[in-house]
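The values are calculated or read from the model by the stated rules, or taken from the named source; none is laboratory data. Remember, it's a predicted structure, so these values are computed and weren't measured experimentally. For neighbour counting, all protein chains shown are included, and Cβ atoms are generated from backbone atoms with ideal geometry for every residue, glycine included.
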Amino acid sequence: MSLWIINGIVWDEQTDRTEKKHIRINEGKIAELVDGSEIIDTGSTEVIDAQGKLVSAGFIDMHVHLRDPGFEHKEDIITGSRSAAKGGFTTIACMPNTRPVIDKPETVKYVLDKAASAGIVKVLPYAAITKNELGRELTDFAALKEAGAIGFTDDGVGVQNAQMMKNAMALAKSLDMPVIAHCEDDTLVEGAWASEGAFSRKHGIKGIPNESEAIHVGRDVLLAEATGVHYHVCHVSTEQSVRLIRLAKSVGIKVTAEVCPHHLILSDEDIPGLDDANWKMNPPLRTPRDVQAVIEGLEDGTLDMIVTDHAPHSAEEKGRGVDLAPFGIVGFETAFPLLYTKFVETDKWTLGFLLKRMTSDPARVFRLETGKLEQGAPADLTIVDLENEREVEPSTFLSKSNNTPFGGWKLKGWSVTTIVDGKIVWTE
(Lines give C-alpha, C1' and ligand atoms only; values in the text may rest on other atoms or scores of the structure.)
Protein backbone atom coordinates (compact mmCIF):
# COMPACT_ATOMS: atom_id res chain seq x y z
CA MET A 1 0.00 0.00 0.00
CA SER A 2 1.26 3.46 -0.91
CA LEU A 3 0.21 6.49 1.11
CA TRP A 4 1.20 10.14 1.45
CA ILE A 5 0.81 12.13 4.66
CA ILE A 6 1.18 15.77 3.67
CA ASN A 7 1.47 19.01 5.63
CA GLY A 8 2.36 17.38 8.93
CA ILE A 9 4.58 18.65 11.72
CA VAL A 10 7.23 16.16 12.87
CA TRP A 11 9.68 16.23 15.75
CA ASP A 12 13.30 15.57 14.82
CA GLU A 13 15.13 13.76 17.62
CA GLN A 14 18.53 14.87 16.32
CA THR A 15 17.74 18.59 16.27
CA ASP A 16 15.07 18.51 19.02
CA ARG A 17 12.71 20.70 17.05
CA THR A 18 9.59 20.37 14.93
CA GLU A 19 9.58 20.76 11.18
CA LYS A 20 6.93 20.68 8.48
CA LYS A 21 7.20 17.46 6.46
CA HIS A 22 5.46 15.32 3.89
CA ILE A 23 5.83 11.58 4.47
CA ARG A 24 5.55 8.88 1.83
CA ILE A 25 4.73 5.36 2.93
CA ASN A 26 5.23 2.37 0.68
CA GLU A 27 4.84 -1.35 1.41
CA GLY A 28 4.52 -0.77 5.13
CA LYS A 29 7.68 1.32 5.47
CA ILE A 30 8.49 5.00 5.62
CA ALA A 31 9.82 5.56 2.10
CA GLU A 32 10.82 9.22 2.42
CA LEU A 33 10.37 12.42 4.38
CA VAL A 34 10.14 15.52 2.20
CA ASP A 35 10.53 19.16 3.21
CA GLY A 36 7.05 20.47 3.88
CA SER A 37 7.65 23.63 1.89
CA GLU A 38 7.92 21.63 -1.33
CA ILE A 39 4.97 21.07 -3.62
CA ILE A 40 4.80 17.36 -4.32
CA ASP A 41 3.03 15.23 -6.87
CA THR A 42 1.25 12.49 -4.93
CA GLY A 43 0.02 10.83 -8.09
CA SER A 44 -2.86 8.42 -7.62
CA THR A 45 -1.81 7.30 -4.15
CA GLU A 46 -3.98 7.74 -1.07
CA VAL A 47 -3.37 11.06 0.66
CA ILE A 48 -3.91 12.18 4.25
CA ASP A 49 -3.69 15.95 4.73
CA ALA A 50 -2.45 16.38 8.30
CA GLN A 51 -3.26 20.11 8.13
CA GLY A 52 -0.46 21.11 10.47
CA LYS A 53 -1.10 18.41 13.04
CA LEU A 54 1.72 16.48 14.71
CA VAL A 55 2.81 13.30 12.95
CA SER A 56 4.74 11.08 15.36
CA ALA A 57 6.14 7.60 15.47
CA GLY A 58 3.40 5.46 16.98
CA PHE A 59 3.38 5.33 20.75
CA ILE A 60 4.72 2.19 22.43
CA ASP A 61 3.22 0.85 25.66
CA MET A 62 5.29 -1.87 27.31
CA HIS A 63 2.86 -2.59 30.15
CA VAL A 64 -0.80 -3.37 29.43
CA HIS A 65 -3.48 -5.83 30.48
CA LEU A 66 -5.68 -7.20 27.71
CA ARG A 67 -7.40 -9.73 30.05
CA ASP A 68 -7.49 -12.31 27.28
CA PRO A 69 -7.77 -15.27 27.76
CA GLY A 70 -10.12 -15.69 30.69
CA PHE A 71 -11.41 -12.23 31.62
CA GLU A 72 -13.00 -11.14 28.35
CA HIS A 73 -15.84 -9.38 30.17
CA LYS A 74 -13.25 -6.73 31.12
CA GLU A 75 -11.34 -6.56 27.82
CA ASP A 76 -10.11 -8.77 25.02
CA ILE A 77 -7.29 -8.59 22.53
CA ILE A 78 -9.49 -7.00 19.86
CA THR A 79 -11.17 -4.34 22.01
CA GLY A 80 -7.92 -3.58 23.80
CA SER A 81 -6.14 -3.17 20.48
CA ARG A 82 -8.83 -0.80 19.22
CA SER A 83 -8.59 1.26 22.40
CA ALA A 84 -4.81 1.37 22.07
CA ALA A 85 -5.04 2.50 18.44
CA LYS A 86 -7.48 5.26 19.40
CA GLY A 87 -4.91 6.46 21.94
CA GLY A 88 -2.17 6.58 19.29
CA PHE A 89 -0.41 3.38 20.36
CA THR A 90 0.90 1.10 17.62
CA THR A 91 2.82 -1.44 19.76
CA ILE A 92 1.68 -2.81 23.13
CA ALA A 93 3.10 -5.50 25.41
CA CYS A 94 0.56 -7.53 27.38
CA MET A 95 1.01 -9.00 30.82
CA PRO A 96 0.53 -12.71 31.53
CA ASN A 97 -1.83 -12.61 34.54
CA THR A 98 -4.75 -13.98 32.56
CA ARG A 99 -6.66 -17.25 33.07
CA PRO A 100 -5.06 -19.42 31.98
CA VAL A 101 -1.84 -17.61 32.84
CA ILE A 102 0.43 -17.06 29.85
CA ASP A 103 2.91 -19.65 31.07
CA LYS A 104 2.84 -22.15 28.20
CA PRO A 105 3.87 -21.84 24.54
CA GLU A 106 0.35 -22.50 23.31
CA THR A 107 -1.03 -19.55 25.30
CA VAL A 108 1.67 -17.26 23.89
CA LYS A 109 0.70 -18.42 20.41
CA TYR A 110 -3.00 -17.84 21.18
CA VAL A 111 -2.27 -14.18 21.97
CA LEU A 112 -0.09 -13.70 18.90
CA ASP A 113 -2.55 -15.42 16.57
CA LYS A 114 -5.57 -13.48 17.85
CA ALA A 115 -3.69 -10.18 17.61
CA ALA A 116 -2.53 -10.99 14.07
CA SER A 117 -6.05 -11.94 13.06
CA ALA A 118 -7.38 -8.65 14.44
CA GLY A 119 -4.77 -6.77 12.40
CA ILE A 120 -4.94 -3.61 14.51
CA VAL A 121 -1.84 -2.91 16.63
CA LYS A 122 1.26 -4.97 17.29
CA VAL A 123 0.81 -7.07 20.43
CA LEU A 124 3.90 -8.43 22.19
CA PRO A 125 3.20 -11.00 24.91
CA TYR A 126 5.17 -11.40 28.11
CA ALA A 127 5.27 -14.86 29.69
CA ALA A 128 5.10 -15.70 33.37
CA ILE A 129 8.23 -16.28 35.44
CA THR A 130 6.59 -19.01 37.51
CA LYS A 131 3.88 -21.50 36.67
CA ASN A 132 0.45 -19.97 37.28
CA GLU A 133 2.32 -17.04 38.83
CA LEU A 134 2.39 -18.95 42.11
CA GLY A 135 6.10 -18.39 42.77
CA ARG A 136 6.85 -22.09 43.23
CA GLU A 137 8.28 -23.40 39.95
CA LEU A 138 9.88 -21.67 36.97
CA THR A 139 8.21 -21.88 33.59
CA ASP A 140 9.98 -23.25 30.51
CA PHE A 141 11.75 -20.04 29.51
CA ALA A 142 13.33 -21.46 26.36
CA ALA A 143 10.05 -22.81 25.00
CA LEU A 144 8.25 -19.57 25.80
CA LYS A 145 10.91 -17.52 24.05
CA GLU A 146 10.66 -19.81 21.03
CA ALA A 147 6.89 -19.30 20.99
CA GLY A 148 7.31 -15.52 20.84
CA ALA A 149 7.40 -14.20 24.43
CA ILE A 150 9.46 -11.01 24.73
CA GLY A 151 10.33 -11.27 28.43
CA PHE A 152 9.34 -12.82 31.73
CA THR A 153 7.24 -11.35 34.52
CA ASP A 154 4.82 -12.35 37.24
CA ASP A 155 3.15 -8.96 37.01
CA GLY A 156 0.20 -8.61 39.32
CA VAL A 157 2.15 -10.30 42.10
CA GLY A 158 5.73 -9.92 43.19
CA VAL A 159 8.08 -12.91 43.16
CA GLN A 160 8.39 -13.26 46.93
CA ASN A 161 11.22 -15.81 47.07
CA ALA A 162 14.66 -14.31 46.44
CA GLN A 163 16.22 -17.59 45.34
CA MET A 164 13.40 -18.12 42.84
CA MET A 165 14.00 -14.65 41.42
CA LYS A 166 17.75 -15.19 41.23
CA ASN A 167 17.24 -18.49 39.41
CA ALA A 168 14.84 -16.78 37.00
CA MET A 169 17.33 -14.01 36.30
CA ALA A 170 20.16 -16.46 35.66
CA LEU A 171 18.02 -18.45 33.25
CA ALA A 172 16.78 -15.34 31.46
CA LYS A 173 20.34 -14.07 31.13
CA SER A 174 21.40 -17.32 29.47
CA LEU A 175 18.66 -16.74 26.88
CA ASP A 176 19.41 -13.01 26.46
CA MET A 177 15.93 -12.15 27.72
CA PRO A 178 14.75 -9.51 30.23
CA VAL A 179 13.07 -10.05 33.59
CA ILE A 180 10.29 -7.55 34.28
CA ALA A 181 9.34 -7.19 37.94
CA HIS A 182 6.22 -6.16 39.79
CA CYS A 183 7.89 -5.06 43.02
CA GLU A 184 5.74 -5.69 46.05
CA ASP A 185 6.42 -7.40 49.37
CA ASP A 186 3.15 -9.15 50.25
CA THR A 187 3.77 -9.02 53.99
CA LEU A 188 3.53 -5.22 53.94
CA VAL A 189 0.39 -4.71 51.86
CA GLU A 190 -2.22 -7.14 53.17
CA GLY A 191 -5.52 -5.50 54.01
CA ALA A 192 -4.71 -2.11 52.48
CA TRP A 193 -5.51 -0.37 49.20
CA ALA A 194 -4.34 3.22 49.64
CA SER A 195 -0.84 4.53 50.24
CA GLU A 196 0.44 5.22 53.72
CA GLY A 197 0.06 9.00 53.72
CA ALA A 198 -2.30 11.90 54.28
CA PHE A 199 -5.35 10.11 52.82
CA SER A 200 -5.00 6.93 54.90
CA ARG A 201 -4.38 8.94 58.06
CA LYS A 202 -7.36 11.21 57.42
CA HIS A 203 -9.73 8.28 56.98
CA GLY A 204 -8.20 6.05 59.64
CA ILE A 205 -7.42 3.16 57.28
CA LYS A 206 -4.37 0.97 56.93
CA GLY A 207 -1.91 2.28 54.35
CA ILE A 208 0.52 0.58 51.97
CA PRO A 209 4.03 1.78 52.87
CA ASN A 210 6.61 2.80 50.29
CA GLU A 211 8.91 0.06 51.54
CA SER A 212 6.58 -2.58 50.10
CA GLU A 213 7.80 -1.59 46.64
CA ALA A 214 11.34 -0.43 47.40
CA ILE A 215 12.37 -3.57 49.29
CA HIS A 216 11.90 -5.67 46.16
CA VAL A 217 13.62 -3.08 43.99
CA GLY A 218 16.66 -3.13 46.27
CA ARG A 219 16.72 -6.91 46.43
CA ASP A 220 16.34 -7.32 42.69
CA VAL A 221 18.98 -4.83 41.59
CA LEU A 222 21.49 -6.79 43.68
CA LEU A 223 20.33 -10.04 42.06
CA ALA A 224 20.56 -8.39 38.64
CA GLU A 225 24.11 -7.35 39.43
CA ALA A 226 24.95 -10.91 40.42
CA THR A 227 23.42 -12.50 37.32
CA GLY A 228 23.99 -9.80 34.68
CA VAL A 229 20.39 -9.96 33.46
CA HIS A 230 18.47 -7.04 32.01
CA TYR A 231 16.16 -6.20 34.89
CA HIS A 232 13.17 -3.92 34.26
CA VAL A 233 11.12 -2.41 37.09
CA CYS A 234 7.37 -2.03 36.54
CA HIS A 235 5.29 1.05 37.42
CA VAL A 236 7.74 2.82 39.75
CA SER A 237 5.87 4.98 42.26
CA THR A 238 8.08 5.79 45.26
CA GLU A 239 10.94 8.11 46.08
CA GLN A 240 12.93 5.21 47.55
CA SER A 241 12.60 3.12 44.39
CA VAL A 242 13.82 6.00 42.23
CA ARG A 243 16.82 6.46 44.52
CA LEU A 244 17.72 2.76 44.37
CA ILE A 245 17.39 2.56 40.58
CA ARG A 246 19.48 5.71 40.17
CA LEU A 247 22.21 4.22 42.36
CA ALA A 248 22.08 0.89 40.52
CA LYS A 249 22.48 2.61 37.16
CA SER A 250 25.39 4.69 38.48
CA VAL A 251 27.39 1.54 39.26
CA GLY A 252 26.62 -0.13 35.94
CA ILE A 253 23.84 -2.57 36.85
CA LYS A 254 21.66 -3.31 33.84
CA VAL A 255 18.38 -1.94 35.16
CA THR A 256 15.63 -0.01 33.37
CA ALA A 257 12.32 1.26 34.66
CA GLU A 258 8.93 2.67 33.75
CA VAL A 259 6.36 5.04 35.23
CA CYS A 260 2.62 5.55 34.61
CA PRO A 261 0.81 8.82 33.85
CA HIS A 262 -1.30 8.59 37.01
CA HIS A 263 1.78 8.38 39.23
CA LEU A 264 3.19 11.46 37.50
CA ILE A 265 0.01 13.50 37.85
CA LEU A 266 -1.95 12.35 40.92
CA SER A 267 -1.10 11.88 44.59
CA ASP A 268 -3.01 10.33 47.48
CA GLU A 269 -4.14 13.83 48.42
CA ASP A 270 -6.20 13.97 45.20
CA ILE A 271 -8.39 10.98 46.15
CA PRO A 272 -11.86 12.44 46.77
CA GLY A 273 -13.00 9.90 49.35
CA LEU A 274 -13.82 6.29 50.10
CA ASP A 275 -16.70 5.99 47.63
CA ASP A 276 -15.02 5.75 44.20
CA ALA A 277 -12.95 2.66 43.41
CA ASN A 278 -11.70 4.27 40.19
CA TRP A 279 -9.02 5.78 42.43
CA LYS A 280 -7.89 2.31 43.54
CA MET A 281 -4.81 1.14 41.68
CA ASN A 282 -1.66 -0.86 42.31
CA PRO A 283 0.80 0.65 43.08
CA PRO A 284 -1.45 3.11 44.91
CA LEU A 285 -1.28 6.84 44.44
CA ARG A 286 1.61 7.99 46.65
CA THR A 287 2.45 11.25 48.40
CA PRO A 288 3.22 14.54 46.60
CA ARG A 289 6.88 13.99 47.51
CA ASP A 290 6.84 10.66 45.67
CA VAL A 291 5.16 12.27 42.67
CA GLN A 292 7.96 14.84 42.49
CA ALA A 293 10.56 12.07 42.81
CA VAL A 294 9.18 10.04 39.88
CA ILE A 295 8.90 13.18 37.75
CA GLU A 296 12.56 13.99 38.46
CA GLY A 297 13.49 10.35 37.85
CA LEU A 298 11.84 10.41 34.43
CA GLU A 299 13.44 13.74 33.59
CA ASP A 300 17.00 12.67 34.48
CA GLY A 301 16.75 9.25 32.80
CA THR A 302 16.57 7.13 35.94
CA LEU A 303 13.16 6.04 34.67
CA ASP A 304 13.35 5.20 30.99
CA MET A 305 9.81 5.26 29.67
CA ILE A 306 6.15 5.94 30.22
CA VAL A 307 3.63 3.08 30.21
CA THR A 308 -0.11 3.06 30.91
CA ASP A 309 -0.59 -0.15 32.95
CA HIS A 310 -3.97 -0.21 31.17
CA ALA A 311 -6.03 -2.31 33.61
CA PRO A 312 -9.69 -2.60 32.61
CA HIS A 313 -12.40 -3.82 34.98
CA SER A 314 -16.15 -3.95 34.60
CA ALA A 315 -18.42 -1.33 36.14
CA GLU A 316 -19.94 -4.05 38.34
CA GLU A 317 -16.53 -4.99 39.71
CA LYS A 318 -15.50 -1.39 40.36
CA GLY A 319 -18.91 -0.74 41.93
CA ARG A 320 -18.27 -3.11 44.83
CA GLY A 321 -16.58 -0.39 46.88
CA VAL A 322 -12.92 0.28 47.55
CA ASP A 323 -12.41 -2.69 49.86
CA LEU A 324 -13.73 -5.30 47.41
CA ALA A 325 -13.09 -3.74 44.00
CA PRO A 326 -10.04 -4.87 42.01
CA PHE A 327 -7.02 -2.59 41.54
CA GLY A 328 -6.47 -0.73 38.28
CA ILE A 329 -7.57 1.93 35.81
CA VAL A 330 -7.73 2.10 32.02
CA GLY A 331 -5.10 4.22 30.31
CA PHE A 332 -4.79 3.89 26.53
CA GLU A 333 -7.09 6.70 25.44
CA THR A 334 -6.01 9.35 27.94
CA ALA A 335 -2.25 8.83 28.36
CA PHE A 336 -0.85 11.24 25.79
CA PRO A 337 -3.47 13.99 26.28
CA LEU A 338 -2.92 13.90 30.06
CA LEU A 339 0.84 14.21 29.79
CA TYR A 340 0.80 16.72 26.96
CA THR A 341 -1.65 18.98 28.79
CA LYS A 342 -0.06 18.71 32.23
CA PHE A 343 3.60 18.91 31.24
CA VAL A 344 4.12 20.20 27.68
CA GLU A 345 1.39 22.85 27.63
CA THR A 346 2.73 24.17 30.96
CA ASP A 347 6.32 24.29 29.63
CA LYS A 348 7.62 21.77 32.16
CA TRP A 349 8.65 19.41 29.34
CA THR A 350 9.37 19.83 25.67
CA LEU A 351 7.21 17.99 23.19
CA GLY A 352 10.30 16.09 22.10
CA PHE A 353 10.96 14.84 25.63
CA LEU A 354 7.45 13.42 25.97
CA LEU A 355 7.54 11.79 22.53
CA LYS A 356 10.93 10.22 23.21
CA ARG A 357 9.74 8.64 26.45
CA MET A 358 6.73 7.16 24.61
CA THR A 359 8.41 6.04 21.37
CA SER A 360 12.16 5.70 20.85
CA ASP A 361 13.05 5.06 24.51
CA PRO A 362 10.84 1.99 25.01
CA ALA A 363 11.96 0.77 21.59
CA ARG A 364 15.61 1.17 22.64
CA VAL A 365 15.17 -0.61 25.97
CA PHE A 366 13.33 -3.58 24.50
CA ARG A 367 15.25 -3.65 21.21
CA LEU A 368 12.26 -3.03 18.97
CA GLU A 369 12.54 -1.85 15.36
CA THR A 370 9.60 0.52 15.85
CA GLY A 371 9.49 3.93 17.55
CA LYS A 372 11.37 5.81 14.83
CA LEU A 373 10.25 8.37 12.28
CA GLU A 374 12.90 7.86 9.63
CA GLN A 375 13.34 6.41 6.18
CA GLY A 376 13.17 2.63 6.15
CA ALA A 377 11.47 2.33 9.54
CA PRO A 378 8.12 0.56 9.90
CA ALA A 379 5.29 2.93 9.03
CA ASP A 380 3.81 2.91 12.53
CA LEU A 381 2.54 6.46 13.01
CA THR A 382 0.00 8.51 14.88
CA ILE A 383 -1.38 11.90 13.90
CA VAL A 384 -2.16 14.10 16.91
CA ASP A 385 -4.24 17.25 17.19
CA LEU A 386 -2.35 19.34 19.72
CA GLU A 387 -4.82 22.23 19.65
CA ASN A 388 -8.27 20.73 20.09
CA GLU A 389 -9.34 20.72 23.74
CA ARG A 390 -12.09 18.42 24.92
CA GLU A 391 -13.26 16.59 28.01
CA VAL A 392 -12.44 13.00 28.85
CA GLU A 393 -15.70 11.11 28.24
CA PRO A 394 -15.35 7.52 29.54
CA SER A 395 -18.58 6.50 27.78
CA THR A 396 -16.81 7.00 24.43
CA PHE A 397 -13.84 4.73 25.20
CA LEU A 398 -13.33 1.86 22.77
CA SER A 399 -12.21 -0.29 25.68
CA LYS A 400 -14.88 -2.54 27.17
CA SER A 401 -14.22 -0.75 30.46
CA ASN A 402 -14.23 2.89 31.53
CA ASN A 403 -12.68 2.76 35.01
CA THR A 404 -10.78 6.05 35.16
CA PRO A 405 -10.42 8.89 37.67
CA PHE A 406 -9.94 11.38 34.82
CA GLY A 407 -13.54 11.66 33.61
CA GLY A 408 -14.44 15.28 32.88
CA TRP A 409 -10.84 16.54 32.68
CA LYS A 410 -10.27 19.00 29.83
CA LEU A 411 -7.24 17.97 27.79
CA LYS A 412 -5.40 18.67 24.55
CA GLY A 413 -3.33 16.31 22.42
CA TRP A 414 -5.82 13.80 21.05
CA SER A 415 -4.80 11.26 18.41
CA VAL A 416 -6.92 11.50 15.28
CA THR A 417 -5.39 8.81 13.04
CA THR A 418 -3.25 5.75 13.78
CA ILE A 419 -1.31 3.81 11.15
CA VAL A 420 0.40 0.43 11.58
CA ASP A 421 2.69 -0.94 8.87
CA GLY A 422 1.24 1.63 6.48
CA LYS A 423 -2.37 0.63 7.16
CA ILE A 424 -4.86 3.02 8.75
CA VAL A 425 -6.14 1.11 11.79
CA TRP A 426 -8.09 3.92 13.43
CA THR A 427 -9.25 7.37 12.39
CA GLU A 428 -11.52 9.85 14.08
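Yes or no: His63 buried (at least 22 other Cβ atoms within 10 Å of the Cβ), over 24 Å from the mean Cα position of the chain (by Cα), of a type outside the set (A, V, I, L, M) and not in a loop (DSSP other than H, G, I, E, B)?
no
So Val236 passes all but one of these: (1) assigned to a loop (DSSP other than H, G, I, E, B); (2) more than 21 Å from the chain's Cα centre (by Cα); (3) in contact (Cβ under 8 Å) with a residue 60 or more places away in the chain. Which condition number does it fail?
Failed condition: (2).
Take Asp276 and tell me if it is touching a strand residue (DSSP E or B) at 6+ places or on another chain (Cβ under 9 Å) and either of a type in the set (D, E, K, R) or at positive phi (or both).
Considered against the rule, which asks whether it is touching a strand residue (DSSP E or B) at 6+ places or on another chain (Cβ under 9 Å) and either of a type in the set (D, E, K, R) or at positive phi (or both), Asp276 comes out as no.
Taking region 247-265 as the search range and keeping residues that are within 13 Å of Gly301 (Cα to Cα) and out of contact with any helix residue (DSSP H, G or I) (no Cβ under 7 Å at 6 or more places or on another chain), which one is surrounded by the fewest Cβ atoms within 10 Å (Cβ to Cβ)?
This residue is Ser250.
Restricting attention to region 282-298, and to residues there that are assigned to a helix (DSSP H, G or I) and more than 17 Å from the chain's Cα centre (by Cα), which single residue is surrounded by the fewest Cβ atoms within 10 Å (Cβ to Cβ)?
Applying the filter and picking the extreme gives Arg289.
Looking at region 57-71, which of its residues are free of Cβ contacts under 8 Å to residues at least 40 places away in the same chain and not small (Gly, Ala, Ser)?
Phe71
Can you work out which of the residues in region 7-31 that are hydrophobic (A, V, I, L, M, F, W, C) and either farther than 16 Å from Val47 by Cβ or in contact with a helix residue (DSSP H, G or I) (Cβ under 6 Å, 6 or more places away or on another chain) (or both) is surrounded by the fewest Cβ atoms within 10 Å (Cβ to Cβ)?
If we take residues in region 7-31 being hydrophobic (A, V, I, L, M, F, W, C) and either farther than 16 Å from Val47 by Cβ or in contact with a helix residue (DSSP H, G or I) (Cβ under 6 Å, 6 or more places away or on another chain) (or both), then Ile9 is surrounded by the fewest Cβ atoms within 10 Å (Cβ to Cβ).
Taking the condition of being assigned to a strand (DSSP E or B), farther than 25 Å from Glu387 by Cβ and at pLDDT below 95, how many residues in region 1-25 meet it?
Number of matching residues: 1.
Which residue, of Ile102, Ile92, is in a loop (DSSP other than H, G, I, E, B) and crowded, with 17+ Cβ neighbours inside 10 Å?
Just a single option satisfies the conditions, and that option is Ile102.
Which one of these does Ser117 not meet: (1) of a type outside the set (A, V, I, L, M, F, W, C); (2) more than 30 Å from Leu355 (Cα to Cα); (3) surrounded by fewer than 24 Cβ atoms within 10 Å (Cβ to Cβ)?
Ser117 satisfies every listed condition except (2).
Could you look through region 299-316, keep only residues that are assigned to a loop (DSSP other than H, G, I, E, B) and over 11 Å from the mean Cα position of the chain (by Cα), and pick out the one that is farthest from Asp361 (Cα to Cα)?
Of everything passing the filter in region 299-316, Ser314 is farthest from Asp361 (Cα to Cα).
Mind checking whether some residue in region 324-340 is among the charged types (D, E, K, R) and not in a loop (DSSP other than H, G, I, E, B)?
No, region 324-340 contains no residue that is among the charged types (D, E, K, R) and not in a loop (DSSP other than H, G, I, E, B).
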